[in-house]
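The values are calculated or read from the model by the stated rules, or taken from the named source; none is laboratory data. None of these values were measured; they are calculated from a predicted model. Counting neighbours? That spans all protein chains shown, and the Cβs are built from the backbone with ideal geometry, glycine included. When the accessible area is computed, the model is the full protein with side chains, heavy atoms only, and any ligands, DNA or RNA have been set aside. Shrake-Rupley method; radii C 1.70, N 1.55, O 1.52, S 1.80 Å.
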Amino acid sequence: MADLEIKGLSKAFGGVKALQNVNFQAAKGEVHALLGENGAGKSTLIKCLGACQSYDSGEIYLNGKKLVVSHPRQAMEAGIGIIFQELSLIPNLSVADNLFLGMKLGNKTSVTRKKIACQKARQIFEEFQVEGIEPEQKVESLSLSEKQTIEIVKVLSRNTEVIVFDEATSALTANRVEWLFGLVERLREQKKIIIFISHRMGEIRRFCNVVTVFRNGQNVGTKPLEEVENDELVQMMLGRKIAGYYPEKVNTCREEIALETKDLFFEHYLDQINIKLKFGEVVGIGGLAGQGQNALLLALSGAVRVQKGEIFLGGKPVSMKNPKQAMAQGVSLVPEERATEGLVLELSIADNLLLPVVSHITRWGLINRKKEQELLEHAVDSLSIKVGDIENPVNSLSGGNQQKVVLAKLMMTHPKVLLLYDFTRGVDVGTKNTMFTLLRKLAADGNCILFYSTDMEELVNVCDRVLVMDQGAVKADLSGELLTEENILKASIGDGVA
């Protein structure tokens, strides 16, 4: 029997079979990749493993013993640690408080607990080589990458035997991905059972040595990673071949300026930003994370007010005091954190999709049900969103399908300028292909696209040009033969472009 073995696991949500008689095995000292489209059953499997979700039938064994747990705390005590894609931190508590939430540390009614928690947090940070984060900091003040780092060390500090990384790298900056790689190597040497979920093939190749592919709630194969090519993995995931991962770049750029900024300044974030984006153009934003990319997108979408500078749309100066005004003028943003900024998790999939266009389907307070249904069907079909019932809460969807909902709802507003913050984070390869093709089609239709990505390969293969930011300023504007991963990296670190 394998060190971790799952036998005949099944789980259905209404009429949707999330898992169908799944068998899965993993051994100590291996890093086991788990691949599959969004909605293929990966998240359901690990939620069942971590007792976050009950299952209809099947059994789970760890070290030959049947795992009988009914609560996540029991699963962790039994040796199962899961780092979920969606953050579970409490924003208004400190880093230390989040690390030891629910644990007994000294006198809970005095300052003793706070002091002990901070001391222990520093010990954990030293053990796991975490830099740049203080235990006293409020979680809400951290970047997304820093929050994900806290989620990782929170689980690893419990010394569990099975560690599942569910898209853990998708929110990490490049240097923290390197940090995580070192940790995974250490865990592997310690003979931990490691399950690694990612849609980034380069990371799968680097981190893992065994791969299992899921499709439609079933295990469709397990292979040593060195024996299988990427094309075969993609075909196993999709059940079909895709003609080219990236769509062909056709020059659709027009002469008219869609969006222009003059001397945008926001202390500590933006330093005299002057850019011009044309209709029909796909422009990327590169650079190391935290160099003002998010602040720029927020400023252009009306979510923050800059201290100095002007924004022009179609050659005319505009004042956008909030995202609603920006959307009314044709500017829409896919934000950094979908769970807190892009969706209302408790509302249904349908309600989330319709939020930006409610006024378009109502008259005298009455909803045009026919128009509503047409819009919903088009939104779901356009991005192949996997939904059982569109009236289910949006938080019942996988992370990738939630991201599709964010993009689909903004597409309903027919934006002329579409701003995207790492919009393929946590999205499977098939859907990335669909999204990239959609971007090129939108550009061909005359729209302007501006998107930031932590993946330089995406920027090079999808964009007409890339603006590289460093310390709040645009340090390079790369296009043509100069648009390479090497040049993006060089400009990111202040080196000269080849």
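General observations
- The lysines within cross-link reach of LYS147, meaning a Cα-to-Cα straight distance under 17 Å and a gap of 8 or more places when in the same chain, are LYS138.
- Take the chain with all the other protein chains still there, run a 1.4 Å probe, and you get 46 Å² of accessible area per residue.
- Cross-link pairs LYS262/LYS316; LYS66/LYS120; LYS262/LYS321; LYS441/LYS475 - those with Cα-Cα distance over 22 Å: LYS66/LYS120; LYS441/LYS475
- Residue order by solvent-accessible surface for TRP364, TRP179 is TRP364, TRP179, largest first, with ligands and nucleic acids left out and a 1.4 Å probe.
- Only one of (i) 65, 55, 48; (ii) 145, 64, 43; (iii) 68, 53, 52 was calculated from the structure for Cα extents along the principal axes in Å, and its label is (iii).
- Cα-centred dipole magnitude for the chain, charges only on beta-carbon of K, R (+1) and D, E (-1), debye, nearest 20: 1340
- Only one residue of PHE423, TRP364, GLY50 has its Cα farthest out toward the positive end of the dipole of the chain, where Lys and Arg carry +1 and Asp and Glu -1 on Cβ, and that residue is TRP364.
- Long pairs among LYS7/LYS42; LYS416/LYS490; LYS65/LYS104, criterion Cα-Cα beyond 22 Å: LYS416/LYS490; LYS65/LYS104
- Taking 14 Å as the straight-line reach from the Cα of LYS324, the aspartates and glutamates in range (excluding those fewer than 8 positions away in the same chain) are GLU341.
- Accessible-area value, SER479, 1.4 Å probe, nucleic acids and ligands omitted, Å²: 60
- Subtracting the Cα-Cα distance of HIS360 and GLU131 from 0.36 nm times their residue separation leaves 77.6 nm of extension gain.
- Of the solvent-accessible surface of the chain, computed with a 1.4 Å probe and all protein chains present, 48% belongs to carbon and sulfur.
- For ARG254, neighbours were defined as the other residues whose beta-carbon sits under 13 Å from its Cβ, and their charges (Lys and Arg +1, Asp and Glu -1) total -2.
- Under 17 Å from LYS308, Cα to Cα: aspartates and glutamates that are on another chain or at least 8 residues apart: GLU260, ASP263, GLU267, ASP271
- Largest-first ordering by accessible area, 1.4 Å probe, given options TYR452, TYR55: TYR55, TYR452
- Using Cβ point charges alone (K and R +1, D and E -1), the dipole size of the range 7-60 about the Cα centre works out to roughly 40 debye.
- Dividing the alpha-carbon radius of gyration of the range 195-322 by the rule-of-thumb value 2.2 N^0.38 Å gives 1.56.
- Rounded to 5, percent antiparallel among DSSP beta bridges of the chain: 55
- Normalised by the number of residues in the chain, the average gap of Cα pairs under 8 Å and 6 or more apart makes the relative contact order 17 percent.
- Accessible area per residue (1.4 Å probe, heavy atoms of protein chains only) ranks ARG215, ARG305, ARG113 as ARG305, ARG215, ARG113, with the largest value leading.
- Spatial separation of Cα centroids for the range 126-198 and the range 43-85, in angstrom: 20
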